[in-house]
Amino acid sequence: MSVDQVNPNDESKYAASARAFRDNVSRDLANDELRSNFRGAMDYLVDKRKTALSDSDELETLREQCKLIKQRCLVKLPHLLEALEEKLTANGIKVHWAETITEANEIIAEIIESKNGKTVVKGKSMVSEETALNDHLESRDIECLESDMGEYIVQLAKEHPSHIIMPAIHQNKKQVADLFAKNIEGFEHTTDVDALIQQGRNVLRDKFCNADVGVSGVNFAVAETGTLCLVENEGNGRMCTTVPDLHIAITGIEKVVEHLSDVPPLLSLLTRSATGQAISTYFNMISHPRQQDEKDGPGEVHLVLLDNGRSQMYSDDELRQTLQCIRCGACMNHCPVYTRIGGHAYGTVYPGPIGKIVSPHMLGLEATTNLPTASSLCGACGEVCPVKIPIPKLLLRLRQESVKPKGAPQVMKGQGSGRKTSEAFIWSVWSMIHKQPLFYRTSMWFATRLRFLMPKKLGAWTVARSAPKLAPKTLHERIKEREQAAKGK
Amino acid sequence: MSQVNTLHLRDYPKNPTKVYLYGTCLADSLFPDSGIDAIEFLERQGIEVIFPQGQSCCGQPAYNSGYTDEAKAVALEQIRHFPLDIPIVIISGSCGGMMRHHYKDLLKDEPGIEKFCDRIFEFTEFLVNSLNVQLNDSGPAERVALHTSCAARREMGVHITGKKLIEQLDNVELVTHDYESECCGFGGTFSVKHGDISNVMVSDKTKNLVNADVVRYVSADWGCMMNINGSLEHQKESLRGEHIASYLLARNAMDNTGDKS
Amino acid sequence: MTSARNNILSKLKSQVKDADYSKLPAEQGFNYPQQSFSEQLEQFITHLENNHAQIIKLTRAEIGKVITQELAARNITSLLYGDNSQYTQDIEQSDSSITLNKYSFDFAQHKERLFNDTPAGVTGSRCAIAQTGSIVLWPTPDEPRTLSLVPPVHFVIVDAKTLYPSFGDLIEQQQWADKLPTNAVLVSGPSKTADIQQTLAYGAHGPKELIVLLLNS
Ligand code: SF4
């Protein structure tokens with residue numbers, strides 16, 4: 001298997017923005033308003049989740065159950081995908097497969113063009129963000145409008161979602177009002193959230209009514225029944241999948257579950273982990289296109305199954321756990337790094353801890369080399385993940401892949417690209433010292449004796465901290481002295 | 001029993017008479033007092049403490065940087081120096097997490113590694129769960145905060161034990177600070193590789209500690225304290241952290257009757 | 001395209017060639033405490049009310065009257081409803097001041113009317129879920145999907161007899177796996193969003209109001 005063979009034209013636009021991680025971080029850390037928007041939002045979501053999952057017995061039982069469900073579905077993945085395809089086809093839903101984002105976009109554009117579609121309304125779909133579908137459709141003269149309120153705001157602002165559940169979480173109501181004023185004709189200025197939503201609603205209802213195509217994501221694809229399940233609060237997902245005559249759903253291959261009965265526990269933890277809701281306002285289950293005697297619903301329904309690095313995650317037992325993710329966003333809500341730098345700094349479609357573990361597979365480790373290291377490994381993400389993905393462990397693993405020497409067996413695209421000779425040298429010297437007790441003690445003896453030589457400035461460390469001071473004598477020495485004193489007594 | 005989370009459930013040796021101490025590399029060269037104080041404290045509980053001179057570092061810095069082979073060589077050397085089947089008490093939660101959990105992966109081919117890992121106990125959990133220590137507070141009344149390292153909290157599940165110990169001190173008021181469970185931003189090489197993010201995190205942590213209006217904060221992790229104290233000093237704040245071993249030793253007057261009724 | 005399919009599947013399959021499904025660990029769900037019917041009903045109502053739905057308890061004979069009152073209170077004079085459905089006749093008992101429109105047309109031909117000229121719709125429901133306060137819509141040719149989606153006010157008639165403790169129980173007992181319709185929807189309140197500064201606002205795209213007519217005899 002050659003994972004490095006990628007057509008450069010296929011490179012996602014996010015590769016470049018991910019490479020700019022460090023610059024993005026400096027830019028966003030300097031933005032106080034942004035930081036306070038994120039802090040406020042994260043506090044709110046953390047609190048919501050805590051209230052909704054207050055029974056730790058229930059929580060831990062469900063997390064274990066959901067982890068096992070997803071792991072079972074992953075072990076059976078290729079067969080479930082075949083079963084899903086068969087069932088969907090029998091139900092009248094057309095299934096397409098795409099290995100790359102370019103293929104996925106091409107498939108979708110072709111379906112739309114075959115029906116002479118000109119306008120698309122899109123329900124929230126992170127996978128379509130992953131493929132940058134909007135850009136592609138626009139380049140083919142197809143108008144593509146985001147209809148989730150948050151996504152709509154982000155689209156007006158010509159930005160990307162900064163959170164997978166709440167795309168416009170980085171903006172406050174004043175900023176949204178200014179944005180609407182610039183973009184919505186006849187906008188009556190207000191910072192009242194209800195009034196803002198009403199004006200957004202009016203614009204979008206018009207679009208729903210007239211759109212040729214609805215595009216949506218999928219939260220669970222049920223193999224047993226051939227059903228696409230969508231979780232949402234606004235009703236835009238129902239609009240996109242019901243009103244236009246053509247519905248195209250796009251999802252990652254990992255979203256398939258085996259049984260319908262797998263859905264309730266996953267759904268329960270998904271909504272509670274995400275926003276603290278017992279359930280979302282709508283849980284939409286689509287199993288057929290419009291049937292003969294029915295009066296509404298799309299005449300055609302398509303599903304595009306996307307790989308884009310997922311089969312690479314699948315090819316390693318440890319990294320495969322990445323695919324358990326149900327995209328609840330809890331890991332980012334609890335992440336102290338995400339809370340500080342916000343969602344855009346990552347430069348990737350999926351920000352936060354989940355972004356750090358999926359993006360290297362989608363964009364390659366070379367473009368994302370700064371993501372796995374930008375973590376204090378505090379473990380807050382792993383602690384809340386509803387499907388128990390050991391995120392910190394996977395970050396460590398990606399760090400290992402990133403600095404692997406040349407010639408190591410190929411596990412992922414871009415592995416070894418983070419290895420710097422200087423750093424590798426430091427660690428080999430470090431290892432040599434610390435694995436030889438005598439050498440270690442001698443070094444420490446010298447270090448402590450020469451502590452007056454220790455610089456007061458230690459690079460990044462002393463920008464905000466004073467340098468630590470070496471002790472006059474090491475613990476090893478002091479204990480030895482203590483033992484000798486005791487013997488002497 | 002309301003927790004189904006079995007990660008941190010474990011058996012504790014009852015009334016051990018002899019333990020090893022793992023000092024950690026940070027305490028060794030920077031903060032040796034806490035190692036001495038931990039030994040003193042344990043000895044006062046009637047326990048013989050062995051400090052193998054062959055120990056150096058648990059390997060975490062290299063391991064967390066992705067340099068597995070280098071970490072492994074160091075880790076292998078450590079386990080050689082703790083041959084007796086007695087508890088290994090470690091005065092840092094994060095090194096504890098490394099040796100108790102990550103060694104199982106890192107050294108998975110090493111025979112007996114599971115048993116070695118199961119002998120690792122963080123200082124406060126050992127005091128509470130193995131020794132069931134009863135403290136007599138002989139110090140003045142004061143307000144303190146507790147900072148529990150993320151590893152202690154999440155890998156070792158010992159955020160409870162530090163609290164239990166401080167709460168035994170009659171004259172000490174344990175103050176909860178805002179965002180207490182949030183990371184201080186240390187994370188080893190993270191604080192250097194991504195200094196700007198780490199700086200913001202530690203600034204917030206110190207602000208919350210200072211706002212708690214305490215005379216000191218106590219922690220069982222030198223990594224975090226080096227970070228937090230360094231930041232406090234840089235900001236010219238007088239607040240400092242103290243290792244829990246030193247703090248308990250100073251406050252617990254075993255020989256005094258104290259004013260406990 | 002078929003090559004994409006084959007490539008993906010063969011990559012995946014090569015990884016799990018010798019997977020032994022019998023070795024998969026047992027999955028254990030959480031055992032929720034048993035609740036009496038009245039506790040379940042209470043839970044159902046509380047959830048819905050917390051989610052801003054309006055609950056009106058009534059008897060079947062009162063459906064027409066209550067709908068009339070609620071519409072009058074909102075200055076609404078017309079109502080869209082389904083033909084031949086379970087409650088059609090009860091709905092038709094409403095006051096003559098309300099113009100009753102049957103959904104007896106093809107949606108595609110009447111989109112504008114539905115979006116712009118239909119202030120309220122009423123549907124029945126298949127059943128309900130206590131644990132989450134959810135109502136199960138099971139659209140049919142008589143009560144199409146858009147009837148519960150497009151009009152800003154949605155009346156839904158729920159029979160308390162159809163209450164299930166949880167979604168899981170419901171799927172199992174009604175054997176949903178064998179008979180899912182074109183579209184089934186769980187509805188747990190009016191449409192809402194918190195996308196602007198985490199402030200909840202109702203009526204994002206779907207119905208602004210969900211009025212639950214709860215039959216409890
Ligand atoms: S990794 Fe876990 S916590 Fe993060 S989005 Fe996925 S499921 Fe949620």
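The values are calculated or read from the model by the stated rules, or taken from the named source; none is laboratory data. All figures in this text were calculated on a predicted structure; none of them were measured in a lab. Every residue, glycine as well, gets a Cβ built from its backbone with ideal geometry; the counts of neighbours run over all protein chains shown. The protein model used for the area step is the full one, side chains on, heavy atoms only, and it has no ligands, DNA or RNA in it. Shrake-Rupley method; radii C 1.70, N 1.55, O 1.52, S 1.80 Å.
Quick look at the values:
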{"quantity": "Cβ pairs under 7 Å, 6+ apart, first in region A:349-378 and touching a residue at least 60 places away in the same chain (Cβ under 8 Å), second within 16 Å of the ligand (Cβ to nearest atom) and acidic (Asp, Glu)", "calculated": "A:Val349/A:Glu129; A:Val349/A:Glu130; A:Met362/A:Glu130"}
{"quantity": "Subset of region A:381-418 that is in contact with a Pro (Cβ under 7 Å, 6 or more places away or on another chain) and under 11 Å from B:Gly66 (Cβ atoms) - its residue that is farthest from the ligand (Cβ to nearest atom)", "calculated": "A:Gly416"}
{"quantity": "Long-range neighbours under 8 Å by Cβ, at least six apart or interchain, first residue at the interface with another protein chain (Cβ under 7 Å from one of its Cβ atoms) within region A:460-481, second open to solvent by 30 Å² or more (accessible area, probe 1.4 Å) and among the β-branched types (Val, Ile, Thr)", "calculated": "A:Ala460/B:Val192; A:Trp461/B:Val192"}
{"quantity": "When residues of region C:195-217 are limited to those that are surrounded by 24 or more Cβ atoms within 10 Å (Cβ to Cβ) and facing another protein chain (nearest Cβ under 7 Å), the one farthest from the chain's Cα centre (by Cα)", "calculated": "C:Ile196"}
{"quantity": "Residue in region B:208-229 that is at pLDDT below 95, part of a loop (DSSP other than H, G, I, E, B), closer than 30 Å to A:Leu396 by Cβ and not assigned by TED's automatic domain parsing to the domain that holds B:Ala38 present", "calculated": "yes"}
{"quantity": "Single unsatisfied condition, A:Asn202 versus (1) surrounded by fewer than 24 Cβ atoms within 10 Å (Cβ to Cβ); (2) more than 7 Å from chain C (Cβ to nearest Cβ); (3) of a type outside the set (Val, Ile, Thr); (4) in contact with a Phe, Trp or Tyr (Cβ under 7 Å, 6 or more places away or on another chain)", "calculated": "(4)"}
{"quantity": "Selection within region A:298-333 - on the phi > 0 side of the Ramachandran plot and crowded, with 24+ Cβ neighbours inside 10 Å", "calculated": "A:Asn308, A:Gly309, A:Gly329"}
{"quantity": "Hits in region B:68-100 - residues which are out of contact with any Pro (no Cβ under 8 Å at 6 or more places or on another chain) and in contact (Cβ under 8 Å) with a residue 60 or more places away in the chain", "calculated": "B:Leu84, B:Ile88, B:Val89, B:Ile90, B:Ile91, B:Ser92, B:Gly93, B:Ser94, B:Cys95, B:Gly96, B:Met99"}
{"quantity": "Where a residue in region A:257-275 is farther than 18 Å from A:Met166 by Cα and open to solvent by 10 Å² or more (accessible area, probe 1.4 Å) and its partner, wherever it lies, is part of a helix (DSSP H, G or I) and within 15 Å of the ligand (Cβ to nearest atom), with Cβ under 7 Å and at least six apart", "calculated": "A:Glu258/A:Cys73; A:Pro265/A:Leu62; A:Pro265/A:Gln65; A:Pro265/A:Cys66; A:Pro265/A:Ile69; A:Ser268/A:Leu62"}
{"quantity": "Among the candidates B:Thr176, B:Thr161, residue that is open to solvent by less than 20 Å² (accessible area, probe 1.4 Å), within 20 Å of the chain's Cα centre (by Cα), free of Cβ contacts under 8 Å to residues at least 40 places away in the same chain and assigned by TED's automatic domain parsing to the domain that holds B:Ala245", "calculated": "B:Thr161"}
{"quantity": "Qualifying residue in region C:104-124 (condition: away from chain A (no Cβ under 11 Å), surrounded by fewer than 23 Cβ atoms within 10 Å (Cβ to Cβ) and part of a strand (DSSP E or B))", "calculated": "no"}
{"quantity": "Pick from region B:231-248, criterion closer than 24 Å to B:Thr124 by Cα and over 15 Å from the mean Cα position of the chain (by Cα), ranking: most open to solvent (accessible area, probe 1.4 Å)", "calculated": "B:Arg240"}
{"quantity": "Considering residues of region A:87-109 that are open to solvent by 10 Å² or more (accessible area, probe 1.4 Å) and out of contact with any strand residue (DSSP E or B) (no Cβ under 9 Å at 6 or more places or on another chain) only, the residue nearest to A:Val301 (Cα to Cα)", "calculated": "A:Ala90"}
{"quantity": "Whichever residue in region A:334-367 is within 18 Å of A:Glu151 (Cβ to Cβ) and more than 10 Å from the ligand (Cβ to nearest atom) and, among such residues, is most open to solvent (accessible area, probe 1.4 Å)", "calculated": "A:His344"}
{"quantity": "Members of region A:128-178 found to be more than 12 Å from chain C (Cβ to nearest Cβ) and touching a Pro at 6+ places or on another chain (Cβ under 6 Å), listed by number", "calculated": "none"}
{"quantity": "Qualifying residues in region A:368-380 (those that are part of a helix (DSSP H, G or I) and of a type in the set (A, V, I, L, M, F, W, C)) - the one farthest from the ligand (Cβ to nearest atom)", "calculated": "A:Leu371"}
{"quantity": "Residue within region C:85-99 that is modelled with pLDDT under 95, within 14 Å of chain A (Cβ to nearest Cβ), open to solvent by 70 Å² or more (accessible area, probe 1.4 Å) and not in a helix (DSSP H, G or I) present", "calculated": "no"}
{"quantity": "Residue list for region C:1-55, restricted to those being surrounded by 13 or more Cβ atoms within 10 Å (Cβ to Cβ) and among the basic types (Lys, Arg)", "calculated": "C:Arg5, C:Lys11, C:Lys13"}
{"quantity": "Count of residues meeting criterion [crowded, with 18+ Cβ neighbours inside 10 Å and within 11 Å of another protein chain (Cβ to nearest Cβ)] in region A:393-414", "calculated": "11"}
{"quantity": "Checklist (1) open to solvent by less than 30 Å² (accessible area, probe 1.4 Å); (2) over 30 Å from A:Ala15 (Cβ atoms); (3) aromatic (Phe, Trp, Tyr) applied to A:Phe452, failing item", "calculated": "(1)"}
{"quantity": "Selection count where residues are within 16 Å of the ligand (Cβ to nearest atom), of a type outside the set (D, E, K, R) and on the phi < 0 side of the Ramachandran plot, scope region A:257-291", "calculated": "14"}
{"quantity": "Hits in region A:287-297 (condition: surrounded by 22 or more Cβ atoms within 10 Å (Cβ to Cβ) and touching a residue at least 60 places away in the same chain (Cβ under 8 Å))", "calculated": "A:Ser287"}
{"quantity": "Residues within region B:34-83 that are farther than 18 Å from B:Glu110 by Cβ, of a type in the set (D, E, K, R) and surrounded by fewer than 18 Cβ atoms within 10 Å (Cβ to Cβ), tallied", "calculated": "4"}
